[in-house]
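Working notes, beginning with the structure itself.
The values are calculated or read from the model by the stated rules, or taken from the named source; none is laboratory data. Note that the structure is a prediction, hence the values are computed from the model and not measured. Cβ placement follows ideal geometry from the backbone for every residue including glycine, while neighbour counts extend to all protein chains displayed. When the accessible area is computed, the model is the full protein with side chains, heavy atoms only, and any ligands, DNA or RNA have been set aside. Shrake-Rupley method; radii C 1.70, N 1.55, O 1.52, S 1.80 Å.
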Amino acid sequence: MALEVLERRPEGRVGREALTIVGRKTLRKDAVAKVTGRELYASDITLPNMLYARVLKSPYPHARVKSIDVSKAVEMGAVVITSQDVPQVLFNPRLVSIPEATYKDWRVLTDRPLFVGEPIAAVAAETEELAQRALEAIKVEYERLPAVFDAIESMKPEAPKLHETIILKDREVKVERNVACRLEIAEGDVEKGFKEADVVIEREFRTNRRYHNQLETKAVVVNLEPGGGVTIWCTTQTIHNTRLLIHEIFGIPMNKINVKKISLGGSFGSSIHTNIIVPIAVALALKAGRPVKLVYTREEDMHDHVSFQMIFRLKLGAKRDGRLVAGQLQAIVDIGAHQIQAYPILGVIAGWWVSLYKLPHVKYEGIAVYTNKVPSCAFRGYGNPQTTWAVETLIDELAEKLGIDPLEFRLMNYVGEGDIFWGQGPTVKTVIRSCGVEELLRRGAELIGWHRRPKPGQQKGRFRRGIGMGRGFHTSSAGSPVPGSVIDYSGAMIKINEDGTIDYITALMDHGGGSLEAIAKIIAEELGVPLENVNIITADTQTTVYDVCTHASRGVYAGGATALKVARQVKQKLLEMAAKILDTYPHALRIRPDPKRGQGVIYVEGIEGKEITIGEVAMTARHKNWGTIAAVDSHRTEAGPPHFTAYFVEVEVDTETGIVKPIRVVAGADIGTVINPDLARGQIHGGFAMGMGMALLEDTPYDPDTGDLVNRGFLVDYKTASAPDMPRLKDFTVFFAETYEPTGPFGAKGLGEGAFNPAAAAIANAIYNAIGVRFYELPITPEKILQALRGGGENV
Amino acid sequence: MYDINKVNTHIVPVRFTYHSPKTLEEALELLSRYRGEARVLMGGTDLLVKMKMRALEPSHIISLRKVRELDYIEFDDQGVRIGAGTRLRTIEKSEEIRERFPALWEAVRVIGSVQIRNMGTLGGNLCNASPAADTAPPLIVYGAEAVIVGPRGERRVRVEEFFKGPGETVLEPDELLREVFIPYVDDAGSVFLRLTRTSMDIAKISIAVAAWFRDAEITDCRIALGAVAPTPIRIPRAEEFLRGRRISMETLDQAGRIVSEDIKPITDARSTAWYRRAVARVLTRDAFTIAWHRFESRRAG
Amino acid sequence: MEIEFTLNGVRKRVQVEPNELLLNVLREKLYMTGTKYGCGIGECGACTVLLDGEPVLSCLVLAADVDGREVTTIEGLARGEELDEVQKAFVEEGAVQCGFCTPGFIITAKSLLMENPNPSEEEVREYIKGNLCRCTGYMNIVKAILRAAGVIPQTP
Ligand SMILES: Cc1cc2nc3c(=O)[nH]c(=O)nc-3n(C[C@H](O)[C@H](O)[C@H](O)COP(=O)(O)OP(=O)(O)OC[C@H]3O[C@@H](n4cnc5c(N)ncnc54)[C@H](O)[C@@H]3O)c2cc1C
Ligand code: FES
Ligand code: FES
């Protein structure tokens, strides 16, 4: 079975061929615990004397709590909190941006709910069932207020107002027409640009509001420590920002808040911010004086977070020769009832847009709008998949209109090596130093048979096949040479134990993609030890230095760079001590892993006998009281380089039922040095499955009568692909471009989000190629396809 | 009434008394004793879900797990008798069902997942009375009968008449479905088809057809659809239209048009009324085409 | 009420309420947390266990109904530190990412291979369709199961 095209060994790069661990297939350290059921997740934690909590949620999309009677619940023995029992502070649960870019409009518990599911009160009791019954015993009187479910409607003067004032840094901001925030950018002269263009196309696109459906629902366990401290286990992508927020809300000194790192059952952005259930559980534990556990049910989780939904008005102009000359984009972003990262998303949409193709003249307007819906947060790609879908659709259209092969059109205009790249919006810019786009496009085209694809709309017969492509990228971290509005640095501590094993201690999270695994390899490679000797330590906020968050595909790139920096410091100390013992100079020493001895061995090249194991050095250091060989440091990368991806997809459309089946996929990725080949492929497989969901399946529509989700949060009506829906093994090819990122650890870049970003675009373009119809609204369901093929709405 | 704060899929947020009778007789006695307040539990794949969602709050649960006498597939000279407590997976694994009642086998095979079919039963699928219950259309076109038992003895109802509305059947609160009887229709060509959003889903629309032919003429046929009306339904007008006609794309298309006119679909989370009508036509054509092929190959071999 | 059942080969006697689910008894009373909650309504398969040797969803099984029966959870597959073939293949084929779906998949796969030691790719996909994974796109999972069956060789 020819499963996948194996990447060729990199050649010709300095030092690359000498790598012994990086780039090889290795077994994951955490996998054994995961396959035996021993890996612990936040929802698995149980503490002695613990109470179970439940949250009382608003049944209305917009209301005022007139009265709330908790006496029955209290009589049942439950501990109850309402908005009166929590600190009266407004906050933003996401603390990745600087204060000047962080709008605050959240409360721990509210008496003015703005969406169905917003927490009003919470209870804790001896069992979950008792907590459930106590919850049902709470009587709330609501005054219902009018609600709005569409971003465009919401900006009309007659629309109900969701927020009067919100806080930016320390200042009150008045909210006008439900606009949460706004951003405008212009470069060049867009009017002039469009005048110069021979072909201009403008379209309106509407994306879906997807639910992350991370397999572990949000969970938190809070323990109380003597002296007023709290220990927290929770689903989070950032333990330090969680601690910061709990400090901000409750005023508990930071050294008395300890947030534990624990495995996360998937996240995809859903825990990029501190989940609202964390402060709720802390408040309950403080009031009860006992540990509290709060785990959301799936239906609660679906009422907790979704992706951003965008309405794009995109206009692009090109010359007859195929050069793009101007672009204009308006992005109206439906953010739901509260801001989690509404302002930053406006910036990154612009960034993703201008970093796809070179546009000499651009004009951008981003508007984030409140609606009475579940709040939006980051979702894998952070606005990039949506932007890429719109751009890649329009690029395809332009190419067709110009009579240029869409592949060549892309190659003529893409942003590549030497160009400026906006990694996280206008304040985070980097010069691109490695780029494999051309290789991705040419090789991908060859593998899928691009030049044999049918002409759009020319096919007859019921089942029609088409091939489409989507090209994209994502930033690897939000690093840049100057501080932007996004905080981005990592921290690591590495110490050498007396037997030569290594402890790697970091706050960086691994959501399952294998970031920490890759970093362990980087450390092993640098220190010349067998991979088994690097131990990734379970850590917490008390024992680690700050790390911003595992997001923005920064784990391997920025976390790895940090670990490499610290490993080098440790190595320097190690070699200094070894030199003393071996009577030589540190710079004359080399290290190699010695699997037989299960150790790294330090040696002098060419002189036999002058060698010593790392363990012997560490043990000698102990005996001679030289101290522990260890280092700790923070690191900010000077770049946030893009990793590039390209998808070529073949679909089959049943024109009688509108059903689309992806049948063949070729995916190429330029991620610099491939540290973990099998895990990297896994990211791409998963990215494609998610892209399929975005293109064909996923959405969370509202029922205007109830103001609730049509599916009420039940998974039975939020469908994602299952195993038979994916292409066969032999029909899914993954390959990697041969590039080397000079700013990355051993030449590596990120992958997690690029693996997903252009997948939906490729599927959409393939549908067009098959049936000759374009869709400007996601998801492209069989219902929409059939309607389009039957000429719209005609009753059979 | 749905209440966001009452729903909890992590536990069964309803208190009840649990009974675990060992015989059918005991079970019936318990049902009579708690008339209206009890529900029988088979695989629980519908009942427990509904209780978690608080759509049902019975105060007595009568688990039929130990009632072995409801679990059987027996072929006699009339047809097959399937105990209501037979798990879907058992039916799926029966080679004889696959041979002789292919539409039923096809329907069973696509229900839920292996886990669901290991738990769920034929009786549960019918008694739950979902308009989308996949076993219903094939049983209807095969002319199957539901054998019902209760304190007043046994009665038989055609599966076609078993459903009264979503979640409602002809069963009295003190009655049980004991068995489904399906007469042999070995000379028919039959098939079950459905459309879903993903491969693990409840039907947007389903159809079963059983048809008899003489050369290319349709001598008789039965058509039943699921998820397009408050109950699974038969389409007599389309059957009537087809009887005595030669099979052709045109004829089938006209029959499909009748089917799409006679169903009463709604728009819900899974699909739209418009789409259901549109594809009903396609499915009718597809189903008859397959049924005819099967009829032919059966006759040939 | 008290129930008695065999859990991974060991007799257990537990006090349960009639409305308690097998899933929660396993996780909260017996501290076997390898079996996961993902949806509670049968859609995700994260709670899959073997009941009398067959895969079922413990989120839809009353503990009371388990009295006298045999339950196998993910914790019961390995013999000491020695992994089961399926577990080993999952580790080696990169079939594990966040790992939250993994126990359910392995239990389901185990059952498949007991029933059908030589499955085709189609059969594998069909059999695991009730198990949801949001991370892997199922590719490496399918590969791992075929590999555990010896249908395909180990990926180099
Ligand atoms: C994830 C998932 C996917 C599913 N997919 C499908 C699908 O694709 N197609 C489909 O048709 N169904 C599907 N179902 C529904 C369900 O699995 C089936 O309907 C199943 O056959 C129900 O059987 P059960 O034994 O579990 O019923 P139970 O839940 O035990 O019972 C269902 C109802 O019938 C009553 N009842 C059961 N047996 C009797 C009896 N003998 N006499 C009187 N009353 C009785 C019960 O009191 C209850 O009200 C799905 C369910 C889930 C959770
Ligand atoms: S938790 Fe049981 S199937 Fe999802
Ligand atoms: S590995 Fe994360 S859900 Fe499957």
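Within the range A:280-323, how many residues turn out to be in contact with a Pro (Cβ under 7 Å, 6 or more places away or on another chain) and of a type in the set (Gly, Ala, Ser)?
Matching residues across the range A:280-323 total 1.
Right, residue A:270: outside the structural domain of residue A:757 (by TED's automatic domain parsing), under 25 Å from residue A:756 (Cβ atoms) and surrounded by fewer than 24 Cβ atoms within 10 Å (Cβ to Cβ) or not?
Here the answer is no, as residue A:270 does not meet what is asked.
Applying the condition of being among the charged types (D, E, K, R) and open to solvent by 30 Å² or more (accessible area, probe 1.4 Å) to the range A:76-100 and asking which residue is modelled with the highest pLDDT yields A:85.
Looking only at the range A:619-649, which residues are surrounded by 24 or more Cβ atoms within 10 Å (Cβ to Cβ) and either part of a loop (DSSP other than H, G, I, E, B) or not polar (S, T, N, Q) (or both)? Hits for the range A:619-649 are A:629, A:637, A:639, A:640, A:641, A:642, A:643, A:644, A:646, A:647, A:648, A:649. A search for C-beta distances below 7 Å between a residue of the range B:34-46 that is more than 8 Å from chain C (Cβ to nearest Cβ) and any residue that is within 16 Å of ligand 3 (Cβ to nearest atom), counting only pairs 6+ apart in sequence or on different chains, returns nothing. Inside the range C:126-145, residues that are over 19 Å from residue A:684 (Cα atoms) and either surrounded by fewer than 24 Cβ atoms within 10 Å (Cβ to Cβ) or within 16 Å of ligand 2 (Cβ to nearest atom) (or both) make up a count of 6. The set of residues in the range A:532-544 being among the aliphatic types (A, V, I, L, M) and modelled with pLDDT of 95 or more consists of A:534 alone.
Of all the residues that make up the range A:227-244, how many are surrounded by 24 or more Cβ atoms within 10 Å (Cβ to Cβ) and away from chain C (no Cβ under 14 Å)?
7
Considering only residues that are closer than 15 Å to residue B:176 by Cβ and of a type in the set (Lys, Arg), look in the range B:38-77 and name the one that is nearest to ligand 2 (Cβ to nearest atom). Result: B:65. When the range A:60-80 is limited to residues that are assigned to a loop (DSSP other than H, G, I, E, B) and touching a residue at least 60 places away in the same chain (Cβ under 8 Å), the one that is farthest from the chain's Cα centre (by Cα) turns out to be A:76. Among the helices (runs of 4 or more DSSP H) confined to the range C:95-156, the ones with at least 2 residues that are within 16 Å of ligand 1 (Cβ to nearest atom) and either within 18 Å of residue C:74 (Cα to Cα) or in contact with a Lys or Arg (Cβ under 6 Å, 6 or more places away or on another chain) (or both) are located at C:102-115. Only one of the numbered conditions (1) in contact with a Lys or Arg (Cβ under 7 Å, 6 or more places away or on another chain); (2) at pLDDT below 95 is not met by residue A:170, and that is (1). For the range B:1-27, the set of residues classified as farther than 15 Å from residue B:42 by Cβ, outside any loop (DSSP other than H, G, I, E, B) and more than 9 Å from chain C (Cβ to nearest Cβ) consists of B:25, B:26, listed by residue number. Screening the range A:119-193 for strands (runs of 3 or more DSSP E) wholly inside it with 3 or more residues that are open to solvent by 20 Å² or more (accessible area, probe 1.4 Å) and within 14 Å of chain B (Cβ to nearest Cβ) returns the ranges A:139-144. Can you find a residue in the range A:81-94 that is outside any helix (DSSP H, G or I), farther than 19 Å from residue A:274 by Cα and either more than 13 Å from chain B (Cβ to nearest Cβ) or among the hydroxyl-bearing types (Ser, Thr, Tyr) (or both)? The answer is yes; a qualifying residue exists. Are any of the residues in the range B:201-214 of a type in the set (S, T, N, Q), assigned to a loop (DSSP other than H, G, I, E, B) and either farther than 23 Å from residue B:142 by Cα or touching an Asp or Glu at 6+ places or on another chain (Cβ under 7 Å) (or both)? For the range B:201-214, residues of a type in the set (S, T, N, Q), assigned to a loop (DSSP other than H, G, I, E, B) and either farther than 23 Å from residue B:142 by Cα or touching an Asp or Glu at 6+ places or on another chain (Cβ under 7 Å) (or both): absent.
Apart from one condition, residue C:39 fits all of (1) within 16 Å of ligand 1 (Cβ to nearest atom); (2) part of a strand (DSSP E or B); the exception is (2).
Looking at C:72, C:108, just one residue is in contact with a strand residue (DSSP E or B) (Cβ under 9 Å, 6 or more places away or on another chain) and within 14 Å of ligand 2 (Cβ to nearest atom), and that residue is C:108.
For the criterion of being more than 8 Å from ligand 1 (Cβ to nearest atom) and among the small types (Gly, Ala, Ser), residue B:208 passes.
Here's the yes/no breakdown for (1) among the hydrophobic types (A, V, I, L, M, F, W, C); (2) more than 10 Å from ligand 1 (Cβ to nearest atom):
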site	(1), (2)
B:130	no, no
B:156	no, yes
B:163	yes, yes
B:187	no, yes
B:203	yes, no
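Return the residue satisfying two criteria in turn: it lies in the range C:21-38 and is in contact (Cβ under 8 Å) with a residue 40 or more places away in the chain and within 9 Å of another protein chain (Cβ to nearest Cβ), and of such residues it is surrounded by the fewest Cβ atoms within 10 Å (Cβ to Cβ). It comes out as C:32.
Does residue B:263 qualify as being closer than 24 Å to residue B:144 by Cβ and surrounded by 18 or more Cβ atoms within 10 Å (Cβ to Cβ)? Taking the combined requirement at face value, the residue satisfies it. Might you let me know whether the range A:318-331 holds any residue that is under 30 Å from residue C:135 (Cα atoms) and away from ligand 1 (no atom under 16 Å from the Cβ)? Looking through the range A:318-331, at least one residue is under 30 Å from residue C:135 (Cα atoms) and away from ligand 1 (no atom under 16 Å from the Cβ).
Scanning the range C:43-61 for residues that are over 11 Å from the mean Cα position of the chain (by Cα) and facing another protein chain (nearest Cβ under 7 Å), we see that the one that is farthest from ligand 1 (Cβ to nearest atom) is C:61. Scanning the range C:85-109 for residues that are surrounded by fewer than 24 Cβ atoms within 10 Å (Cβ to Cβ) and within 7 Å of chain A (Cβ to nearest Cβ) turns up C:91, C:92. For the range A:65-75, the count of residues that are more than 14 Å from every other protein chain (Cβ to nearest Cβ) and surrounded by 22 or more Cβ atoms within 10 Å (Cβ to Cβ) is zero. Candidates in the range A:675-713 are the residues that are in a helix (DSSP H, G or I) and of a type in the set (Gly, Ala, Ser); of these, the one that is farthest from the other protein chains (Cβ to nearest Cβ) is A:695. Within the range A:722-738, the set of residues being part of a loop (DSSP other than H, G, I, E, B) and open to solvent by less than 10 Å² (accessible area, probe 1.4 Å) comprises A:722, A:726, A:727, A:737. Of all residues in the range A:523-579, exactly one satisfies the criterion of being free of Cβ contacts under 8 Å to residues at least 12 places away in the same chain and either open to solvent by less than 20 Å² (accessible area, probe 1.4 Å) or closer than 28 Å to residue A:235 by Cα (or both), namely A:579.
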